[in-house]
Structures are given as C-alpha cells and as structure tokens.
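Step one of this worksheet: look at the structure below.
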Amino acid sequence: MEMSNYYQNLRDKVGSDLIFMPSVAGIVRNEAGEILFQNKGNGEKWSLPAGAIELGEAPAEAVVREVWEETGLHILPEKLLGVFGGKEFRYEYPNGHKVEYVVFVFDCKPVGGEHNPIDSETAELRYFSSENKPELALPYPESIFVKSDSEKTEFQWDDGWMRSLQGRGR
C-alpha cells in the first residue's frame with residue numbers, strides 16, 4: 001500500500017534522512033517447502049513479503065496485513081523466527097529515503113487466498129528453495145530459511161559488545 005499517514009508525516013518533517021522503522025517479514029512456504037519471495041520490479045533486490053508496523057498494530061497483526069497486501073495470501077503467523085536490526089539493516093530506497101529496520105521475522109502458514117497482490121508494490125512473486133534463493137535486499141541469517149523444529153529465536157549482536165559488558169563486571 002501507499003505510505004501510511006504516520007510515515008508520510010514523519011517524512012514531511014525529516015525528508016529523506018535516516019529514520020528508525022519497526023517492521024515485519026513473513027516466511028511463507030509452499031507444499032514443497034520452498035519460500036515465497038517478492039520482486040518489486042523497481043531495481044531493488046528480492047525480499048520476503050514485509051513492511052512497516054503501523055501505529056497501534058501488533059507485529060503479528062502487521063505480518064498478516066503485509067503478507068496479504070503484497071501477495072494476496074491469508075496467513076497465520078506460527079512462530080517468531082528472529083528479530084534483526086542495527087547498521088546491517090539500514091536501507092536506502094530508490095527515492096532516496098533512508099531507513100534502519102528492526103524486523104520481526106515470522107514463520108507463516110498459508111490458510112487461504114491466492115497469489116494476487118492487493119497493492120502495487122509487487123511485480124513478481126516466486127517460490128525458491130532455501131539453497132537457491134535470490135539475492136536479498138536485507139542480510140537475514142541463513143538459519144531462518146531452514147525449516148527447523150527448534151524453539152530458539154534468532155537474533156544478532158556484536159560479540160565484542162558482550163565481552164565489553166562482561167569486562168565491566170556485569
């Protein structure tokens with residue numbers, strides 16, 4: 001969908017400067033276990049169905065909305081796979097707008113709908129195996145693409161940061 005009023009108002013104030021953007025992404029698999037990726041057709045790299053969390057919206061609600069808008073599929077978020085952010089998740093859109101995402105990535109079960117994007121952000125939807133996925137716009141860790149029964153949620157941090165905390169006696 002178009003940029004929400006909240007983000008448009010924010011952009012009116014800061015222009016294309018870097019903003020912090022809480023976001024969601026959904027890993028949706030077909031019966032063969034392949035993952036659905038989105039090509040926006042505007043020169044950006046491929047992505048998972050994803051988008052910003054709106055004011056008053058829970059992350060799980062946002063992933064349901066975003067996947068539907070960008071794919072036409074109805075999904076049920078089943079598991080939080082990971083939370084990612086930091087400098088590696090900074091991105092500049094073709095229009096020059098800069099964002100730093102914190103992304104909640106969910107494993108999602110399709111429960112209906114059909115591949116028919118509701119918004120104009122999607123040029124192509126395609127399933128890929130985790131081994132042959134396209135180059136992505138954001139550097140998600142490979143571990144989230146491998147189907148697992150693990151209960152562990154993935155996240156990234158700088159090990160040097162942890163060592164510095166331990167060195168302070170914390």
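Could you please find all residues in segment 1-20 being more than 24 Å from Pro49 (Cβ to Cβ) and not aliphatic (A, V, I, L, M)?
Within segment 1-20, Asn9, Asp12, Lys13, Gly15, Ser16, Asp17 qualify.
Leu55: among the hydrophobic types (A, V, I, L, M, F, W, C), without any contact (Cβ under 8 Å) to a residue 60 or more places away in the chain, outside any loop (DSSP other than H, G, I, E, B) and over 17 Å from Glu142 (Cα atoms), yes or no?
When the stated conditions are applied, Leu55 does not pass them.
Please list, ordered by first then second residue, the pairs with beta carbon atoms under 6 Å, 6 or more apart or interchain, first in segment 118-145 and farther than 23 Å from Asn42 by Cα and touching a residue at least 12 places away in the same chain (Cβ under 8 Å), second in a helix (DSSP H, G or I) and not small (Gly, Ala, Ser).
Note: pairs meeting the criteria are Ser130/Phe145.
Taking the condition exposed (fewer than 14 other Cβ atoms within 10 Å of the Cβ) and not hydroxyl-bearing (Ser, Thr, Tyr), does His97 pass?
Judged against the criteria, His97 is not a match.
Per-residue answers, yes or no, for (1) open to solvent by 20 Å² or more (accessible area, probe 1.4 Å); (2) in contact with a helix residue (DSSP H, G or I) (Cβ under 8 Å, 6 or more places away or on another chain); (3) within 22 Å of Arg11 (Cα to Cα); (4) not hydroxyl-bearing (Ser, Thr, Tyr):
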residue	(1), (2), (3), (4)
Ala62	no, no, yes, yes
His74	yes, yes, no, yes
Gly85	no, no, yes, yes
Pro117	yes, yes, no, yes
Ser130	yes, yes, no, no
Ile144	no, no, no, yes
Glu154	yes, yes, no, yes
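Each row is one residue, and each column tells you yes or no for (1) of a type in the set (Phe, Trp, Tyr); (2) open to solvent by 90 Å² or more (accessible area, probe 1.4 Å); (3) at pLDDT 90 or above.
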{"residue": "Cys108", "(1), (2), (3)": "no, no, yes"}
{"residue": "Thr122", "(1), (2), (3)": "no, no, no"}
{"residue": "Arg126", "(1), (2), (3)": "no, yes, yes"}
{"residue": "Tyr140", "(1), (2), (3)": "yes, no, yes"}
{"residue": "Lys147", "(1), (2), (3)": "no, yes, no"}
{"residue": "Glu151", "(1), (2), (3)": "no, yes, no"}
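Name the residues in segment 5-25 that are in contact with a His (Cβ under 9 Å, 6 or more places away or on another chain) and free of Cβ contacts under 8 Å to residues at least 40 places away in the same chain, would you?
Gly15 - this is the single residue of segment 5-25 that is in contact with a His (Cβ under 9 Å, 6 or more places away or on another chain) and free of Cβ contacts under 8 Å to residues at least 40 places away in the same chain.
From Val102, Val67, grab the single residue that is surrounded by 14 or more Cβ atoms within 10 Å (Cβ to Cβ) and more than 23 Å from Ser130 (Cβ to Cβ).
Result: Val102 is the single residue among Val102, Val67 that is surrounded by 14 or more Cβ atoms within 10 Å (Cβ to Cβ) and more than 23 Å from Ser130 (Cβ to Cβ).
I'd like the residue in segment 20-43 that is crowded, with 17+ Cβ neighbours inside 10 Å and out of contact with any Ser or Thr (no Cβ under 9 Å at 6 or more places or on another chain) and, out of all such residues, is nearest to Glu114 (Cα to Cα).
Restricting to residues being crowded, with 17+ Cβ neighbours inside 10 Å and out of contact with any Ser or Thr (no Cβ under 9 Å at 6 or more places or on another chain), the top hit is Arg29.
Do we have His97 as over 30 Å from Arg11 (Cα atoms) and either touching a strand residue (DSSP E or B) at 6+ places or on another chain (Cβ under 9 Å) or at pLDDT 95 or above (or both) here?
No; evaluated as a whole, the condition is false for this residue.
The values are calculated or read from the model by the stated rules, or taken from the named source; none is laboratory data. Predicted, not measured: the structure shown is a model, and the values here were computed from it. Note that we place each Cβ from the backbone using ideal geometry, even for glycine, and neighbour counts take in every protein chain shown. These accessible areas exclude ligands, DNA and RNA; they are computed on the full protein's heavy atoms, side chains included. Shrake-Rupley method; radii C 1.70, N 1.55, O 1.52, S 1.80 Å.
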